[in-house]
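The next block holds one structure in the form of structure tokens; read it before the comments.
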Amino acid sequence: MRLPPGVGAPVGGLGTGKIDFFADLTIGNLTIANNWSRPVAALRGFHLVELESGVFLQGDPLRYSEYKYPVRTPRSIEAEALYPEVRYTIRGPDFQVRVFSPFVPGDLVRSSVPAVVVEVRGKGVVALSFQNIVGTRRWGRVNEGYDGYVSGVVFRNPKASQADPAYGEMFIGCRGCRWYTSYRIWVPAPEGMMENTRDLSLDVLERGSPSRYEIERYAREEIGGIVWAEVDGVKRFYITWFFNGRPSHYPYGHYYENWFNGAVDVAEFVEREQLDVKLWEPRSWIEDMARNELYVLSYSWLTRDGRLAIYEDPQITLLMNTIGSMTWDGASFALLDMFPELVKRMDEYFGLFVRGGEVPHDYGEESLDEPIYGSTVEVRWKDLGPTWILMMYRDYALTKDLDFLRRNFDRMAEVARFLESLDRDGDGLPDHEGRYDSSYDGTNIYGAAAYSGMLYACAMKAMAEAARALGRDPGEFEAALERARRGLSRLWNGRYYIAWDDGRGNRNDSCMNSQVLGEFWCEALGLGNVLPENVDRALQSIYELNYRASRYCTVNSARPDGSIDRTSDQMRSCWPRVNFAVAAHMILRGRLREGAELAWKEWSTISSRYPYDVPSKIDADTGDRFGLPFYIGSAAAYLVLWAIRRRGLDAAQVASMVEGASGTRAA
């Protein structure tokens, strides 16, 4: 994907934090120091420069300088982003630069290395600089030269305490690098302050620096280091970190602490192993979309004891591994393909917090131990239980781990019986109470609802199949499924399942895009369908009404005449995570063109505006984002590619079915 101006592409591994790289090869929004929800927006001192010519390999090396002055920059820079890497083509001078964090599906250690590799291809003498950000406060920061298997500058801060999120160390360097420790970044200017670039010259660097440089007491400095080496072909520079503090919001430690002793150790490992990215190379916009939307993994925790969680969003809710409406439940499809044991562990972890059959909404607010049971505590959410049952059955069905199913069946059955108890009027479906009691937590839904009802029915189907697999009696779950079928049939109007009906004359007869999300789960897991005769007609109605209601995305709820349902912000918005699941469902059903068109409409809006900050909601009227930023559900885009692979199809051929969409980026 061509990286739009002003948009940062996150580069970072599982649970390590990330650095955003912009189209002009500048950086920002660092979250590598246990500061996922409090990024360092503007980081001065990062530069890449060819020293012999004095040309910066960046479009705006003074991006964060108050005072601007002339510097030499390339004739042009083009940037292609493909999580977790960005590829730059630089002209005048001619270089190619690739920045990436290693990612190796099936290998958790090599996918969670706290490192960014800056791979430079060309000919010249290239220098890389970076600021010492160890310790939240500047006082105490120390730069030390290091010579070993790799050489460079180590950043430390002996004044920082273990309670400081930025407690630890960093390293910049390379194999055979020379180093400079006394880089003073922020200096007085004729007007205000300016970023110092005069040290980034061979004349200054050749004079040398002390082996140790520190901020003097009472001084207010920003200091960094510079490393440089001759490049004739390909040279790898490393930015590595090791933040092993125990701040109050993250007392868990990092997975990488099990394998490394410090930042230099990390750099040496990456250099010796020549680690790289082992994800698919896109041949179409579908593959490009599926890979780039994995970026939410850079907002993940991977604890020292191997637990993984992704922020629902890292700025507002701060909730970890939220489930419902294709949030963690959607993102984990991709992770199940790559790290199946990790997903099974985290899905099973939800079961520890089931209380009286009620499944929590998440693990907690920046916590893995304080779950929240929906954002409306007065009522029980109706979609979390069936979602968790389907996640657990999926983990069994796609990995064939019968021991996993046996270990968790009784807890799943407890949840199923609790859900059945929520049917107050005997229509076979859990009853909504009109108090934001589902993932549509800003919308009043009453009585039987298509979205939660179909999830419940498929969950009962999964429970029956699970019972058979374990040699148990499936009777109670089959009976619940039959009752649910009758309840859902009363919501069917011949074209689609209406949104909800309370059985007392109140109803919303709109067409929701999530009405057959349960059927998607059933189809994806090889369970057949709940009501097979209605699936294709419902998907056709979603295409005719919801898809066509907005030029930007597929609206959550459309009126029978095709207009947008405006009963709530959630109904008039588009949820990309649900729409990618709908597109995947269409593809599984053989409705390839419709599925591709629906996914393309969503992706063309996202990729042109906010590819690495996909919100929880898109405004169907304008295409603008609103709701929660950097939303966990973005990774559900992978479902489209998953469905194509599931059917044994070629992604490029399916992608070509969309008129006007071609190549590996949005037109």
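The values are calculated or read from the model by the stated rules, or taken from the named source; none is laboratory data. Please read all numbers here as calculations on a predicted model, not as lab measurements. Every residue, glycine as well, gets a Cβ built from its backbone with ideal geometry; the counts of neighbours run over all protein chains shown. Side chains are part of the model used for accessible areas, which takes the heavy atoms of the whole protein and leaves out ligands, DNA and RNA. Shrake-Rupley method; radii C 1.70, N 1.55, O 1.52, S 1.80 Å.
If I ask for residues that are of a type in the set (Val, Ile, Thr), in contact with a helix residue (DSSP H, G or I) (Cβ under 8 Å, 6 or more places away or on another chain) and not in a loop (DSSP other than H, G, I, E, B), which ones from region 597-631 would you list?
Restricting attention to region 597-631, the residues satisfying the condition of being of a type in the set (Val, Ile, Thr) are 605-606, 614, 618, 622.
Filter once more, so that each one left must be in contact with a helix residue (DSSP H, G or I) (Cβ under 8 Å, 6 or more places away or on another chain): 606, 614, 618.
Across region 597-631, the qualifying residues are ILE606, ILE618.
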May I ask you to verify whether VAL187 is open to solvent by less than 10 Å² (accessible area, probe 1.4 Å) and either farther than 20 Å from LEU30 by Cα or acidic (Asp, Glu) (or both)? yes
So which of ARG236, ARG272 ends up being part of a strand (DSSP E or B) and either farther than 30 Å from GLU370 by Cα or open to solvent by less than 40 Å² (accessible area, probe 1.4 Å) (or both)? ARG236
Search result, residues across region 602-626 that are more than 26 Å from GLY28 (Cβ to Cβ) and crowded, with 22+ Cβ neighbours inside 10 Å: GLU602, ALA620
Only one residue in LEU48, LEU62 is of a type in the set (A, V, I, L, M) and closer than 27 Å to TYR295 by Cβ, so which one is that? LEU48
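Hey, among the residues in region 472-514 that are of a type in the set (Phe, Trp, Tyr) and open to solvent by 10 Å² or more (accessible area, probe 1.4 Å), which one's nearest to SER421 (Cα to Cα)? Show your work before the answer.
Quick first cut of region 472-514, residues of a type in the set (Phe, Trp, Tyr) only: 477, 492, 496-497, 500.
Still in the list and also open to solvent by 10 Å² or more (accessible area, probe 1.4 Å): 492, 500.
Numbers: TRP492: 23, TRP500: 19 Å.
Looking at residues that are of a type in the set (Phe, Trp, Tyr) and open to solvent by 10 Å² or more (accessible area, probe 1.4 Å), I get TRP500.
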I want to confirm something. Restricting to region 13-40 and keeping residues that are under 25 Å from VAL109 (Cα atoms) and hydroxyl-bearing (Ser, Thr, Tyr), which single residue is surrounded by the most Cβ atoms within 10 Å (Cβ to Cβ)? THR16
Out of region 190-217, which residues are open to solvent by less than 20 Å² (accessible area, probe 1.4 Å) and at pLDDT below 95? ILE215
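Take the residues in region 147-164 that are of a type outside the set (S, T, N, Q) and surrounded by 21 or more Cβ atoms within 10 Å (Cβ to Cβ); name whichever of them is farthest from PHE130 (Cα to Cα). Working first, answer last.
Quick first cut of region 147-164, residues of a type outside the set (S, T, N, Q) only: 147-150, 152-156, 158-160, 163-164.
With the extra rule that they be surrounded by 21 or more Cβ atoms within 10 Å (Cβ to Cβ), the set shrinks to 150, 152-156, 160.
Details: VAL150: 17, GLY152: 11, VAL153: 10, VAL154: 11, PHE155: 10, ARG156: 13, ALA160: 19 Å.
Here the answer is ALA160.
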Which numbered condition ILE316 misses (of (1) in contact with a helix residue (DSSP H, G or I) (Cβ under 9 Å, 6 or more places away or on another chain); (2) part of a loop (DSSP other than H, G, I, E, B); (3) of a type in the set (A, V, I, L, M, F, W, C)): (1)
Those residues of region 111-133 which are hydrophobic (A, V, I, L, M, F, W, C) and within 20 Å of SER298 (Cα to Cα) amount to VAL113, ALA115, VAL116, VAL117, VAL118, ILE133
Can you find, within region 538-560, the residue that is most open to solvent (accessible area, probe 1.4 Å) among those that are within 11 Å of MET571 (Cβ to Cβ) and not in a helix (DSSP H, G or I)? ARG559
Single match in LEU628, LEU641, LEU588, LEU598 (criterion: in contact with a strand residue (DSSP E or B) (Cβ under 9 Å, 6 or more places away or on another chain) and at pLDDT 95 or above): LEU628
Condition first: touching a strand residue (DSSP E or B) at 6+ places or on another chain (Cβ under 8 Å) and surrounded by fewer than 22 Cβ atoms within 10 Å (Cβ to Cβ). Now tell me which residues in region 446-471 satisfy that. TYR446
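Is region 67-80 home to any residue that is within 22 Å of the chain's Cα centre (by Cα), among the aliphatic types (A, V, I, L, M), closer than 20 Å to MET194 by Cβ and part of a strand (DSSP E or B)?
no
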Being surrounded by fewer than 22 Cβ atoms within 10 Å (Cβ to Cβ), on the phi > 0 side of the Ramachandran plot and either out of contact with any strand residue (DSSP E or B) (no Cβ under 9 Å at 6 or more places or on another chain) or not basic (Lys, Arg) (or both), is that true of even one residue in region 44-62? yes
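Looking only at region 521-537, count how many residues are open to solvent by 30 Å² or more (accessible area, probe 1.4 Å) and either closer than 22 Å to LYS601 by Cα or touching a strand residue (DSSP E or B) at 6+ places or on another chain (Cβ under 7 Å) (or both). Spell out the reasoning first.
Keep residues of region 521-537 that are open to solvent by 30 Å² or more (accessible area, probe 1.4 Å), which gives 523, 526, 528, 532-533, 536-537.
Now drop any that are not either closer than 22 Å to LYS601 by Cα or touching a strand residue (DSSP E or B) at 6+ places or on another chain (Cβ under 7 Å) (or both), which leaves 536-537.
Looking only at that region, the number is 2.
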Does ASP437 qualify as being of a type in the set (D, E, K, R), under 30 Å from the mean Cα position of the chain (by Cα), open to solvent by less than 40 Å² (accessible area, probe 1.4 Å) and at negative phi? yes
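Do the conditions hold for VAL343, that is, is it surrounded by fewer than 23 Cβ atoms within 10 Å (Cβ to Cβ) and of a type in the set (A, V, I, L, M)?
Working: surrounded by fewer than 23 Cβ atoms within 10 Å (Cβ to Cβ): no; of a type in the set (A, V, I, L, M): yes.
So VAL343 does not fit the description; no.
Restricting attention to region 487-513, which residues are part of a loop (DSSP other than H, G, I, E, B) and either hydroxyl-bearing (Ser, Thr, Tyr) or out of contact with any Ser or Thr (no Cβ under 8 Å at 6 or more places or on another chain) (or both)?
Across region 487-513, the qualifying residues are ARG490, LEU491, ASN493, GLY494, TYR496, ASP502, GLY503, ARG504, GLY505, ASN506.
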SER634, sole failed condition from (1) more than 21 Å from SER568 (Cβ to Cβ); (2) part of a loop (DSSP other than H, G, I, E, B): (2)
Filtering region 296-351 for residues that are among the charged types (D, E, K, R), under 23 Å from ASN408 (Cα atoms) and in contact (Cβ under 8 Å) with a residue 24 or more places away in the chain leaves a count of 8
May I ask you to list the residues in region 352-374 that are within 24 Å of GLU420 (Cβ to Cβ) and either open to solvent by 10 Å² or more (accessible area, probe 1.4 Å) or touching a residue at least 60 places away in the same chain (Cβ under 8 Å) (or both)? LEU352, PHE353, VAL354, ARG355, GLY356, GLY357, GLU358, HIS361, PRO371, ILE372, TYR373, GLY374
Which of (1) within 30 Å of ASP565 (Cα to Cα); (2) in contact (Cβ under 8 Å) with a residue 60 or more places away in the chain; (3) acidic (Asp, Glu) is the odd one out, the single condition GLU414 does not satisfy? (1)
For the condition free of Cβ contacts under 8 Å to residues at least 40 places away in the same chain and among the small types (Gly, Ala, Ser), what is the one hit in GLY475, GLY503? GLY475
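When region 250-267 is examined, which residues are found to be open to solvent by 30 Å² or more (accessible area, probe 1.4 Å) and either without any contact (Cβ under 8 Å) to a residue 60 or more places away in the chain or not hydrophobic (A, V, I, L, M, F, W, C) (or both)? Please lay out each step first, then the result.
Step one: filter region 250-267 for residues open to solvent by 30 Å² or more (accessible area, probe 1.4 Å), giving 251-252, 255, 258-259, 261, 265.
Within region 250-267, PRO251, TYR252, TYR255, ASN258, ASN261, ASP265 qualify.
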Please give the number of the condition ARG572 fails out of (1) open to solvent by 10 Å² or more (accessible area, probe 1.4 Å); (2) in contact with a strand residue (DSSP E or B) (Cβ under 7 Å, 6 or more places away or on another chain); (3) over 17 Å from LYS601 (Cβ atoms). (3)
Does GLU80 meet the test of being within 21 Å of TYR612 (Cβ to Cβ), of a type in the set (D, E, K, R), in contact with a strand residue (DSSP E or B) (Cβ under 8 Å, 6 or more places away or on another chain) and surrounded by fewer than 21 Cβ atoms within 10 Å (Cβ to Cβ)? yes
